[in-house]
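Each remark here refers to the structure printed beneath this line.
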Amino acid sequence: MVKKRNPLKSLGFFLLVMIIVSFSIFPFIQMLSLSLKYQWDWGNPSLIPRKINVEAYKELLNIDQDLKNVPQSVITLLEETPELTKQQRSAILAKYQNTGEVFPFLRYFKNSLILSLSAAFFSVCLAIFGAYSFSRLRFRGRSTIQRGVLFVYMFGGILLLIPLYRLFASTGLLATPTGTFISLLVVYMVQTLPVSLYMLGNYFRTVPFSLEEAAMIEGLGRIGIIFKIIIPLSASAIATVYIYSFMIAWNEYLFASVFLKNYKMLYTLPIGLKTLFVSKNAIWDRIMSASMLTAVPVMALFMSIQNKITGGLAAGGVKE
């Protein structure tokens, strides 16, 4: 007997979901609205700007900024002096093209992207092999090691900051920009690896062992099984772990602010946004535009691999 749906309960559930969704996305809508408003429109309580302003986005992305700060007299001089060489013209214009130093968003964006993609990639690679060993292999001390991996989460980042900093400083890695980058990469891997191992290990246990037995009969070894069976059937879990690792590294501020304090050219976006907030260039449309552009990579990454985040790929692979 099929129960009839209660329209009041369905309506109440729908309204509850809409309230939660609206509460979650309202800050982003407010950020987008303020980033598109001119200074004279900041007091407008409406979320719809009276006039769209994209100058902050152009400034951050260095679009059409070449001649923005060049005085008209200099432009006229360049136009009326054809005998100047290309190198001379570039040298003159370079003295006025300093918009990137107001807030070098593209440099910070590149640093964050390289660091986050690298940390997520290496963390996932290590987690795949580690999780497979925990879920399939039998060896002495396996349970102790598996529980000990999660032990790191009993301590907050602020407690690990000083010991890790002194550890990398004693090795001399923090004396160079490359060594500092590698040190921060290792820190992010340490932060994300425990949960990555736990999530992938639980997922690998759902893959039917009969598939691996059949592959072993065909002559595949452990490495071949991982690449030809485990990884294809666990694409959804691997994609989820990759997004998780990427987001942790992308939004991390505490360790980056300490490790990168001597290397401004390696600043990531969280540190760059903080310096922008307290600088004389802290204009609301520029701050909100930078914040919106900071959120774009996470959304783009999620949307690009959302087709992988589906379960049940191994269902029907064998007949039990």
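The values are calculated or read from the model by the stated rules, or taken from the named source; none is laboratory data. Values in this document were obtained by computation on a predicted structure and should not be read as measured data. Every residue, glycine as well, gets a Cβ built from its backbone with ideal geometry; the counts of neighbours run over all protein chains shown. The area values use the complete protein model at the heavy-atom level, side chains included, leaving out ligands, DNA and RNA. Shrake-Rupley method; radii C 1.70, N 1.55, O 1.52, S 1.80 Å.
Annotation: per residue accessible area for segment 79-231 equals 58 Å², rounded to a whole number [probe 1.4 Å, protein chains only]. Protection proxy ranking of 285-294, 26-35, by the mean of other Cβ atoms within 10 Å over each peptide's residues and highest first, is 285-294, 26-35.
Checking the cross-link pairs K9/K37; K110/K228; K58/K86; K51/K261 against a 30 Å limit on the alpha carbon distance flags K9/K37; K110/K228; K51/K261 as lying beyond it.
Highest mean first, the peptides 10-23, 163-176 sorted by other C-beta atoms within 10 Å per residue fall in the order 163-176, 10-23.
Model label points for Y153 and R222, set 7 angstrom from Cα along the Cα-to-Cβ axis, are 2.5 nm apart.
Our estimate of slack between L61 and I20, defined as 0.36 nm per intervening residue step minus the Cα-Cα distance, is 11.4 nm. Summing charges over all other residues whose Cβ lies under 15 Å from the Cβ of A215, with Lys and Arg as +1 and Asp and Glu as -1, gives 0. What is the calculated FRET efficiency for S33 to T81, with r their C-beta to C-beta distance and R₀ = 56 Å, to the nearest 0.05? The pair S33/T81 has a calculated efficiency of 0.75. Given R0 = 30 Å, the distance between the Cβ atoms of C125 and A175 translates into a calculated FRET efficiency of 0.60. Sorting the segments 125-136, 45-56 by their mean number of nearby beta carbons within 10 angstrom, highest to lowest, gives 125-136, 45-56.
Given R0 = 30 Å, the distance between the Cβ atoms of S90 and N251 translates into a calculated FRET efficiency of 0.20.
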